[in-house]
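Quick notes on the structure that follows.
The values are calculated or read from the model by the stated rules, or taken from the named source; none is laboratory data. These numbers come from a predicted model, not from an experiment. We place every Cβ from the backbone using ideal geometry, glycine too, and count neighbours over all the protein chains shown.
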Amino acid sequence: MVEFAEVLITGLLLGGIYACIALGWAIIYKTSGVINLATGELTMIGGYVCFSLYEKGLPFLVALLGMLVIASICGILTERLFIRPMIGEPLLSVIMVTVGLSFFFKAVVCLIWGADTRVFTPRIFPLEPLTLGPIEIGQVFLYSFLVAIVLMGVLIAFFQKTRIGLAMQATADDEMAAMSMGIKASLVYRWTWMIAFMACGVAGALLGNINGLNVSVSYMGLLVLPAVVIGGMNSIPGAVVGGLLIGVLQNLGDTYISPFFPGGVKFTFPFIVMIIIMLWKPYGLWGWIKIERM
Amino acid sequence: MLRLPCGTKFDNYRADHAWWQTRWTWIKMFLLFFILFFIIPRFAGEYWLGVFNMLGYTILAAMGVQLLIGYTGQVTLGHAAPIGFGAFACALSMYLLGVPYLVGVLIGMLAGGLLSFVFGLPCIKVKGFYIIMTTMAMQFITTDIILTQFLGPLAGKGRGGVLAIEPGMFHIGPWVIYTDKDAYYWMLILVIIMQWFMANLMRTRVGRAWMAIRDNDIAAEALGVNIVYYKFLAFFIAGAMGGLAGCYWLTTQSIVSPEHFPFAWSLWLVGVILIGGVGSMYGHIYGAMFMTLMLEFIKLALVPLSSAFPTLAGKFLFLKDFFFGLAIVLFLIFEPNGLAYRWWRTKRYFQLWPFPY
């Protein structure tokens, strides 16, 4: 029972990081309809930039802020150079642009930082676990969860309070109507990519603190896809819940199923659950049900 | 559309519908076959034969992707899974059941097709992005779990998930496929047969139904196309083509490992058809040629450069990904119809010269 609670809580805390990445994914999908398969690489870029700044001797929070600035510049550049020419092209082309970007970003990161695993030294979060009665939790997970939750709160407030956030919501709802009300779509897309880069970057910096940074961080971006599918693709709260759920599922699968099926269960179990949910509820838990007309 | 020189006419439909319509096309094709079958194996060295084998494998593998994406509109990002599954099914059936290679190829094709079919099941209810997700799930479940954990160790040949291949294991009758040259001829035969099969398939009722589904599936259903059946058929046949590619891959290798079929390979195949031309009968061939030969040219360029920049040689893998990603993005932005379209435009320009159209 104690083990179950530990697994559950650690999964939930880890899920906070996935929720961040899922948020970055869902924002892009919601406002511009682009399915971003380069999410994992955005995560990787954020993680490595934060790592570089931290290695220069900056305190972690300053490094995180610096990373946010650099990530937003990267977001603007990506949107301007690669995504804007694709407006109005078929869906597959835009998806494949992001696939191309994922190869490109990964290669750039490996060319700059090399393929070896990099660890944040000195450690930022202490190694000793926190004890809550009989349950023990790693501190890294707890703080990561807190940072992720704060980021999500900021983002949700941004969506509901600021002018540009409201413009983004309007664009997500109906692009044509929003444009005729005087909202500049290109500005909205630029903000979208900036925010996506930032959210993924924070997740990358936190993941780097848990496992160290290497190419495998980019596969975390793929893991987020089941999260958004389960949550419903155009729902921001759905992405958060889906991310948390994926964390829990991953940990449960790792603890209780992998003894029977050696290896790999941790990463494939969310996908299996996703397929089952898709057969039952194809538009996720909170997704908009699309009715197609001719 | 193909344009013919002025004055060319046909007296019957048979001649009008032929693949090679004029005598000049026949001469060109025979020249091509002569080069492929006699000139290249005679004058290309062992290394370049290996490159050509890789090229043929890419063509075979991308064919199923072309069928699914280019002709049926079902975007797949997991096509390496049926390839790997087919390869393992072929090798395992040869080890465990002792069947000859050709029967193994059939089993491999069937296995790849069934795998693709099973993971294509959600296409009853969903489409678009969700099909991408299920095919990605197929990729991870097959390569990371089924091949690595279950199929690889089954035969007890090799270590872990890796299957060793005995020399001279693959033979068709008395012809042992052992050297690169044998594999080259086998590749040519397979590519020609499969290309012929696919080109003709697209002219039948099945192919037209697929294209109708690609263009607008709701309209296709309203016109009486059984879209569930045809989508399943597309997944099955594409998977079987993948399985065949896997069975061919075995003949060029001394081991077969799940690591040969990673997610990146699935993406690579999609990139190949995007660069070559989606929905074009020759798109995957042009794309495979571009990608494979581009890699060779990067390698050739790296050799002199690496003496100046010694760190460059170790980074070939990343440079490969760098150029591949950039090529996909630039092609999509500047030439979304791919190399096949560009080739067609160029040809038409010379045919119509000095008139613009």
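Structure notes:
- Region B:143-167 residues that are exposed (fewer than 13 other Cβ atoms within 10 Å of the Cβ), paired with ones that are at pLDDT 80 or above and assigned to a loop (DSSP other than H, G, I, E, B) (beta carbon under 9 Å, 6 or more apart): B:Gly160/B:Ser257; B:Pro167/B:Tyr178; B:Pro167/B:Ser254
- Hits in region B:71-80 (condition: under 17 Å from B:Trp265 (Cβ atoms) and either within 12 Å of chain A (Cβ to nearest Cβ) or among the charged types (D, E, K, R) (or both)): B:Val75, B:Thr76, B:Leu77, B:Gly78
- Residues in region B:1-33 that are more than 25 Å from B:Met241 (Cα to Cα), of a type in the set (Phe, Trp, Tyr) and surrounded by 11 or more Cβ atoms within 10 Å (Cβ to Cβ): B:Phe10, B:Trp24, B:Trp26, B:Phe30.
- Restricting the first member to region A:2-13 and to residues that are surrounded by fewer than 16 Cβ atoms within 10 Å (Cβ to Cβ), and the second to residues that are of a type in the set (Val, Ile, Thr), the beta-carbon pairs closer than 6 Å and six or more apart or on different chains are A:Ala5/A:Ile135.
- Boolean, B:Met281 is crowded, with 16+ Cβ neighbours inside 10 Å and not in a helix (DSSP H, G or I): yes
One line per residue, one yes/no per condition, for (1) in a helix (DSSP H, G or I); (2) touching a Leu at 6+ places or on another chain (Cβ under 6 Å); (3) closer than 12 Å to B:Gly276 by Cβ; (4) within 14 Å of chain A (Cβ to nearest Cβ):
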| position | (1), (2), (3), (4) |
| --- | --- |
| B:Gly314 | yes, no, no, yes |
| B:Leu317 | yes, no, no, yes |
| B:Phe322 | yes, no, no, yes |
| B:Gly325 | yes, no, no, yes |
| B:Leu330 | yes, no, no, yes |
| B:Ala340 | yes, no, yes, no |
| B:Trp343 | yes, no, yes, no |
| B:Lys347 | yes, no, no, no |
| B:Phe350 | yes, no, no, no |
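- Residues in region B:246-287 that are away from chain A (no Cβ under 14 Å) and among the aliphatic types (A, V, I, L, M): B:Leu250, B:Ile255, B:Val256, B:Met281, B:Ile285.
- If the condition is being under 10 Å from the mean Cα position of the chain (by Cα) and either away from chain B (no Cβ under 14 Å) or surrounded by 24 or more Cβ atoms within 10 Å (Cβ to Cβ) (or both), then region A:221-249 contributes A:Gly221, A:Val224, A:Leu225, A:Ala227, A:Val228, A:Ala239, A:Val240, A:Gly243.
- Only one entry of B:Val126, B:Val75, B:Val118, B:Val103 meets the criterion of being over 20 Å from A:Ile276 (Cβ atoms) and free of Cβ contacts under 8 Å to residues at least 60 places away in the same chain, and that entry is B:Val103.
- Taking each residue of region B:81-100 that is among the hydrophobic types (A, V, I, L, M, F, W, C) and looking for partners that are modelled with pLDDT of 90 or more and assigned to a loop (DSSP other than H, G, I, E, B) with beta-carbon atoms closer than 9 Å, six or more apart or interchain, yields B:Ala81/B:Phe261; B:Ile83/B:Phe261; B:Phe85/B:Phe261; B:Ala87/B:Phe261; B:Met94/B:Pro100.
- Candidates A:Phe267, A:Phe197, A:Phe261, filtered to the one that is outside any loop (DSSP other than H, G, I, E, B) and surrounded by fewer than 24 Cβ atoms within 10 Å (Cβ to Cβ): A:Phe267
- Single match in B:Leu102, B:Leu68, B:Leu121 (criterion: of a type in the set (A, V, I, L, M, F, W, C) and either more than 30 Å from B:Ile218 (Cβ to Cβ) or more than 12 Å from chain A (Cβ to nearest Cβ) (or both)): B:Leu102
- Region A:23-36 residues that are more than 23 Å from A:Ile149 (Cβ to Cβ) and more than 12 Å from chain B (Cβ to nearest Cβ), paired with ones that are in a loop (DSSP other than H, G, I, E, B) and modelled with pLDDT under 85 (beta carbon under 9 Å, 6 or more apart): A:Ser32/A:Ile87
- Subset of region A:56-101 [small (Gly, Ala, Ser), assigned to a helix (DSSP H, G or I) and within 13 Å of chain B (Cβ to nearest Cβ)]: A:Ser93, A:Gly100
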